[in-house]
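K.L.:
I have a structure I would like to understand better, so I am pasting it below and will then ask my questions one at a time.
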Amino acid sequence: MSRTRGIATLVVVAVGAFYLGGVTEFHYGGFAPDWVKTLLIYRPPAHGIDYAALEEVFATINEHYVAPNPDGQKLTQGAASGMVSALGDSFSRFETNAEYQASNDFLQGQFAGIGASIAVNGDKLVIASILPNTPALKAGVKVGDVITDVDGKSTTGWTADQVVTAIRGKVGTEVKIGVDRTGQHLTFTVKRETIQVPSVATHIFDNRVLYVRIFEFGERTSREFDDALRTNLKGSVSLVLLDLRDNPGGFVDAADDVISEFVASGKAAILVGRGGTQEVKNVSGSGRALTNKLVVLVNENSASAAEIAAGALKDHGRGPLVGVKTFGKGSVQQDFQVREGDLHLTIAHWLTPNGHSIDKTGIVPDDPVLLAQPQDEYAVSTSPNDFSRDSQLKAALTLLEA
């Protein structure tokens, strides 16, 4: 054989193998036998998703799993959830359409549940707050209760989102919640109701101080907060006590609107996106309490948009923060609709106006004050209106009225 013919033959064989390899991978992907993969120089994708591997897992489940005919949609949703989880970002998640609707209902101020918020305290899932006249309160659940099980399933290893999802459900149905209360295990059967979540609540102290509690930064927050200032800041009422404790956050724009009520000019926050691109959120330039004396209450459950508001007010020197260090969520998420549900995905990190990151570190208050028991926190919507055990609120009032 001449050298030229030998080279030509080698090229033909190589091209043939490459072509056959491409055809085989197209038809068989990861299911091709090992000897075929070796012969045809099969390589799984170095970048992007290895769809062949996913198909292989699905085919193996279909063929060998003890229960036949697995639900393909649920497996697809599980794969999507696992993919997002592999990012290692606890604030990014895949949600089914029902889960996304439940999250959206909360930000719109309405959902079917029991009326309690949940916070993470170390490795414990704790009842952080309970809305007045809600099923949780009527059933006997108390702030500070540690959730141990839901409908008989242990919550060990669960996230707060998983507990919330398990507790929420259709109106009129029941959920059994097991809690640990100072060493005693209790179980409550609670009937789910449509919960109207208040965004803003107010009270007047000593005919001088306007106390405003923001429960979450939802769709109604900007309007309700502005109405609270417009209605109450008059006559002898000129001091403002803003309570952001146990506020899990919400919309960045709502936080910007609240900051704008107290700060005349400058930055509200800096969003740092992919590749380090920056978007500066500025205050609107007009507010109802630009010169009113202000104190802000925060605690370990003040997070996300609540921290944006607290951080901006602190950086602008607008008023001291009283309480304990905040949660430390310095990221922003956006929802993307996909075929099987919703991707709640981190798209940016945010900085305070002075360029400080609070992610995983939180905001340290100017006046650190501990609360002896979670249930000592002032509940603005209850009657009688008693704040005698709320050491943080009393410290804030002393600062305001000094």
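The values are calculated or read from the model by the stated rules, or taken from the named source; none is laboratory data. All values reported here derive from a predicted model rather than from experimental measurement. Heads up, the Cβs are rebuilt from the backbone with ideal geometry, glycines too, and the neighbour counts pull from every protein chain shown.
K.L.:
Hey, any hits in segment 316-323 for a residue that's within 21 Å of residue 277 (Cβ to Cβ) and aliphatic (A, V, I, L, M)?
P.N.:
no
K.L.:
Of all residues in segment 245-276, which are surrounded by fewer than 18 Cβ atoms within 10 Å (Cβ to Cβ) and of a type in the set (Asp, Glu)?
P.N.:
Result: 253, single match.
K.L.:
Which of the following residues is of a type outside the set (D, E, K, R) and within 18 Å of the chain's Cα centre (by Cα): 91, 188?
P.N.:
None of the other options fit; the residue is 91.
Listed here are the residues, each with its yes/no results for (1) crowded, with 18+ Cβ neighbours inside 10 Å; (2) under 24 Å from residue 173 (Cβ atoms); (3) of a type in the set (Gly, Ala, Ser).
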{"site": "57", "(1), (2), (3)": "no, no, no"}
{"site": "87", "(1), (2), (3)": "no, no, no"}
{"site": "90", "(1), (2), (3)": "no, no, yes"}
{"site": "113", "(1), (2), (3)": "yes, yes, yes"}
{"site": "128", "(1), (2), (3)": "yes, yes, yes"}
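K.L.:
OK, next. For segment 306-345, which positions are aliphatic (A, V, I, L, M) and assigned to a loop (DSSP other than H, G, I, E, B)?
P.N.:
Within segment 306-345, just 324 meets the criteria.
Matching residues to (1) within 30 Å of residue 373 (Cβ to Cβ); (2) acidic (Asp, Glu):
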| residue | (1), (2) |
| --- | --- |
| 233 | no, no |
| 236 | no, no |
| 240 | yes, no |
| 250 | yes, no |
| 256 | no, yes |
| 271 | no, no |
| 275 | no, no |
| 290 | no, no |
| 296 | yes, no |
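K.L.:
Right, here's the next one. Condition check: at pLDDT below 90, surrounded by 10 or more Cβ atoms within 10 Å (Cβ to Cβ), within 30 Å of residue 346 (Cβ to Cβ) and aliphatic (A, V, I, L, M). Does residue 46 satisfy that?
P.N.:
Taking the combined requirement at face value, the residue does not satisfy it.
K.L.:
Any idea which of (1) surrounded by fewer than 18 Cβ atoms within 10 Å (Cβ to Cβ); (2) over 30 Å from residue 146 (Cβ atoms); (3) at pLDDT below 95; (4) of a type in the set (Val, Ile, Thr) is the one residue 182 doesn't satisfy?
P.N.:
(2)
K.L.:
Let me ask you something else. Among the residues of segment 53-81, count how many are hydroxyl-bearing (Ser, Thr, Tyr) and either closer than 21 Å to residue 93 by Cα or modelled with pLDDT under 90 (or both).
P.N.:
Total satisfying the criteria: 2.
K.L.:
Which one of 125, 87 is at pLDDT 90 or above and touching a helix residue (DSSP H, G or I) at 6+ places or on another chain (Cβ under 6 Å)?
P.N.:
From the options 125, 87, the qualifying one is 125.
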